[in-house]
Amino acid sequence: MTITSAPASAEAAPAPAAARTYQAWRVLLRRPLGMVAAGYLLIVVVVSVGAPVLAPTDPAAQDLAHALSGPSAAHWLGADRLGRDVLSRLMFGGRITLLSTLEATVVFAVLGIGLGLVAGFRGGWVDRAIARFADLVLALPAIIVLLMFVSVFPGDDAVTMVALGVISCPTLLRVVRGQTLALREELYVKAARLAGLTNLRIMTRHVLPRLSGPVIVQLSLFSAVAVLVQAALSFLGLSTPETRGPSWGNMVGEASQVMSRDPWLLVPTGGVLVLTVLALGLLGDAVRDVTVGRFERTRATARRPAIISTVDTAESADHMLLSVRGLTVALPGEAEDVTVVQDVGFDLAAGEAVGIVGESGCGKTMTARSLLGLLPDGGRVIAGSARFEGRDLAQLTEREHARVRGSRIGLISQEPMAGLDPSFRVGSQLVEVVRRHSRMSRRAGRARARELLELVNLPEPDQVARRYPHELSGGMAQRVAIALALAGDPVLLIADEPTTALDVTVQAEILALLADLRTRLGMAVILVTHDWGVLADLCDRAVVMYAGQIVEQADVAELYRAPRHPYTEGLLAANPHLAATTGDLPAIPGTVPPPAAWPVGCHFRPRCPYATERCGTGPIPLHTATAAHLTRCVHFDQVGSR
């Protein structure tokens, strides 16, 4: 069966990427209170920073003739008991209050976001240590701690506000940690790890932007609290003495002392505090709404059980690109580890394509992902080896695996949309991976990204690079996923059911593309599939898996012509491409047993029409049916006789 190369199917072009920014502004404009709050805060910041130039008079200049006077042409907001201009003092006082608030907020953000990201992303003992630190800080009485710092460092606003940021950071830390724990399981994060990105890069670029909503809310609320705390300390005379200049807090304190004679003085001084706190809250809510609207959460979990056994398969092959021997993988169970992949062994030469085929739950994906160190939490290789370019992949540390992923071995997932970060444009994600594996400028990275999009036959690559993942069709997304897998120039490409979610026409295009790329780039390919048609189109040899074991290996043509295992025979009989056009489609009775229920001896025995007592007496080794045809069946010479 052959498929000729076809051009990428025409797909409806979505709205341009600029429409996304336009939508964000529309969302913000629909919140007039947020816009008013932003305008007010901008004015406060500008007049405070520019107070030396913009203030009508010197804040310390006294005009005793107008002491405690209300608003007038000489003093727009009135004058205090010493005749000092209230407006000028508010402008200069904003410098101290806003600077103190900024100091506290920066400490709050750096500690809360940084520690929360690390705790949630790394997990384990790091998570426990940071969580205990947060619990300890939360247990401290905040007011007493602040008063202690005020007494030890009298009049030092910077120390007091830094202390406020430290004792408050656990609230943000907990929010960020909880969100990160959920986001680290997203498939696009795992895809970033597969592409070889460092943990720091993944956390800052692919996890942190998705936390922007709750983080912005926490920062706006804390900023409002910091304004009030600084003002309260100044009001009590515990911070920013009058000799160092006015602040909003000590201005409120002065106004309270003359309230019986001139209540107006409380209006501008207290009003600016109230409006600033209110504006911070409103602006935080508005920006949060706009930011959250940018992200479309995608959840996908794929956890597979495994298998049990230990039988070696073949002699080592040093000349092979990849040589797997006796690979056995276990996952954590309720009482003990459960073997999910057992005694898997096969070879892969440079430029060769090998397909792993079988029903769902047979261990195909687990075998492929074990080569990349991408097993589920707690999963581990407990036996065997997988030698690749002179190194045993089964023995690599996480850091060593990161150097192999993306650069030497690429992976194409069956769900390309889940592997693309919805927060960034396609071109940006491609440039990131390209620059991770090749030292080049951003401009050169963009040129290389365009080449990759052209390589996978995407029309108008510049336009595609400017789109977000949700603006792509399924076929376009799969081509982008292939481009990402090729960004590090790998010598081995693992394709995990790359056409499962696509329609027949797009399937044919993707298969033709993979075959063409294999020929042009000389890559070896491991194809995980349950589709015999896909196997025949792309692969030279086939590995049939059942219940965690390899039950048959042979050239694809040989396997089609003369299967030597009852399971392979049953799969081929149930293949719609080969079945008769009349009557019911043949099916194998029963289902794949879970690892804990594997039968003794042959795992296929309960479903096998050839089974005898001999099949259940002990482990079944691989037998040589012909020179290049292996089968795990004691009755292989009878297969096909019924």
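Averaged per residue, the chain has 45 square angstrom of accessible surface, using a 1.4 angstrom probe with ligands and nucleic acids left out. Net charge in the neighbourhood of residue 529 (other residues with Cβ under 11 Å of its Cβ; Lys, Arg +1, Asp, Glu -1) is -3. Expressed as an acute angle from 0 to 90° and rounded to the nearest 10, what is the orientation of the C-alpha long axis of helix 212-235 relative to the principal long axis of the chain? Orientation of helix 212-235: about 20 degrees from the principal axis. Note on the chain: helix-only mean residue ellipticity at 222 nm, from DSSP H runs of 4+ residues weighted -39500 (n - 2.57) and normalised by residue number, equals -14500 deg cm²/dmol. The stretch 250-275 and the stretch 142-173 have Cα centres spaced 26 Å apart. Between the Cα long axis of helix 266-292 and the first principal axis of the chain there is an angle of about 10°, rounded to the nearest 10. How many angstrom separate the Cα center of the stretch 363-412 from the Cα center of the stretch 479-537? About 20 Å separates the Cα centre of the stretch 363-412 from the one of the stretch 479-537.
Of the solvent-accessible surface of the chain, computed with a 1.4 Å probe and all protein chains present, 60% belongs to carbon and sulfur.
Angle of helix 86-122 to the longest C-alpha principal axis of the chain, folded into 0 to 90 degrees and rounded to 10: 20°.
The values are calculated or read from the model by the stated rules, or taken from the named source; none is laboratory data. Keep in mind the model is a prediction, meaning the values are calculated, not measured. Note: ideal-geometry Cβ built from the backbone for every residue, glycine included; neighbour counts use all protein chains shown. Only protein heavy atoms, including side chains, enter the accessible area calculation; ligands, DNA and RNA are left aside. Shrake-Rupley method; radii C 1.70, N 1.55, O 1.52, S 1.80 Å.
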